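Single-structure report; data block below.
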Amino acid sequence: MPTISWSEGGEARSALWRSERGSAPPKRVVLADDTLSADSAYRLACEGTGLLWRGDFQNARLLVQALARRTDKPAKVKAKKTKDQSLQPEAALPMTAAAFHLHRQAQAQRARVLGMVLIPFDADYAIPLRRAPDAKKACTQAWGAADMAAGTSVTSLRELLGFISAHEWRKKGVEIAALGAFPVVTHNRIHPHYAVFSPLRGEYIALVKEALNQKLQKKAIPLAFDIGTGTGVLAAVLARGGVASVVATDQDPRALVCARDNLLRLGLTSQIKLAEHDLFPEGQAALIVCNPPWLPARPGSPLERAIYDEGSSMLLGFLNRLAAHLSPAGEGWLILSDLAEHLGLRTRTELLAAIESAGLKVLGRMDAKPQHPKASDAGDALHAARAAEVTSLWRLTVK
């Protein structure tokens, strides 16, 4: 791992630099504590100076919040007259691909500024600051077991707060209605691990459950593949819903560990086999399900790979190889939001052309409107696109 360096007490110091986002350590680092004003901290952070915290931990959290307020300070709301001469804020207007990329750049700059508040760790992941939480379990889940020989380390407070939040989600789990009702509540919960996409948006899971119920009324499904399983949620829905056997694949070792943990909790390890593959396992199946990242853009960090699929690589890989892995009369279910279409990143014509060129045809499509909070947040920069978004399950088969 890279190291981060600074001067303290007239001596040169260094420690391991940890960044799950893959960011480089700040080239300049100064010591900071409770006496540092938010305005001074903001100026230094905008310059790219890391603030290695030596004060009260809770005050460091307050400082990050103060930096966020300064970063998010709204500009004057511009307005545009419509035909009826009423005024609409720009946030409500359709977004182009260029505007979306500018929005992402602004969000990346915001993340860089807020990430300049740095927290030190002892070799055992203890935080040597006043009123610091015990984050050893959260750090172990994100970084692996502590190596006492590795010495001290530093990461951004913002990443640490992400570890702690992920640790709480992992303990609590996400209730999945499509897994059915059981006397013990943990039996219908999925526990996402750090860096594995959490199934908080339930509409795509409900679509798979509904489509499965309809298909099983006509014919049994002896084998299904779940491509890019993540937490294992869709594989679990398939198995609980009546599929005799499921092979769930992923190329991310963290996802496979997470899926294995969830399948063990759900008692499905004998029914679902996990395998490390880039997309498809060997053989053919009567049903193949894939929920690829929905936005064809470059991930800004390894943690964004579940959201952004540069060049639609996973989507096209799934479509182009699907026919070879479907058993006769089998179906491939592509779960995809049309958010990319509303952001100008992909057109419906391009999607249909990709399906056609892969030797596939559309048997049908099931749609659902997202219910997550951002879909109704008029202040969100992507509100117009989110408000129009539809998540679809495309039923595909070989032509």
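Please treat every number below as a calculation from the coordinates, not as lab data. Just so you know, these numbers come straight off a predicted model, no measurement behind them. Because the Cβ atoms are built from the backbone with ideal geometry, glycine has one as well, and the counts that use them run over all protein chains shown.
Quick notes on this one:
- In the chain, Cα pairs under 8 Å separated by at least six residues give a relative contact order of 13 percent.
- Applying 1/(1 + (r/R0)^6) with R0 = 25 Å to the Cβ-Cβ distance of Ala177 and Ser327 gives a FRET efficiency near 0.25.
- Ala388-Glu47 FRET efficiency (beta carbon distance; Förster radius 45 Å; 0.05 resolution): 0.70
- Non-local lysine pairs in region 173-398, meaning eight or more places apart or on different chains, with alpha-carbon distances under 21 Å, amount to 7.
- Loop sites in region 240-342: trypsin sites (Lys or Arg not before Pro), DSSP, at most 13 other Cβ within 10 Å: none
- Peptides 147-156, 187-196 ordered by packing proxy, namely the average of other Cβ atoms within 10 Å per residue, highest first: 187-196, 147-156.
- Rounded to the nearest 5, the antiparallel percentage of DSSP beta bridges internal to the chain is 50%.
- Paired Rg and Dmax values of region 173-398, which use every Cα atom, in angstrom: 16.7, 49
- Exposure proxy ranking, count of Cβ atoms within 10 Å, fewest first, for Met314, Met366, Met1: Met1, Met366, Met314
- Relative pair counts by distance (%), Cα atoms of region 116-237, 10 Å bins: 11, 33, 24, 17, 10, 4, 0
- Taking a ≥ b ≥ c as the square roots of the eigenvalues of the alpha-carbon gyration tensor, region 201-282 is classed prolate because a/c is 1.5 or more and a/b outweighs b/c.
- Taking the convex hull of Cα positions in region 303-399, its mean projected area over all directions (nm²): 6.9 nm²
- Rule-of-thumb Rg ratio for region 3-169 [Cα; 2.2 N^0.38 Å; N residues]: 1.25
- Projected over every direction and averaged, the convex hull enclosing the alpha-carbon atoms of region 100-139 yields 4.0 nm².
- Highest-MSF residue in the chain out of Leu345, Leu295, Leu336 [GNM, Cα springs under 10 Å]: Leu345
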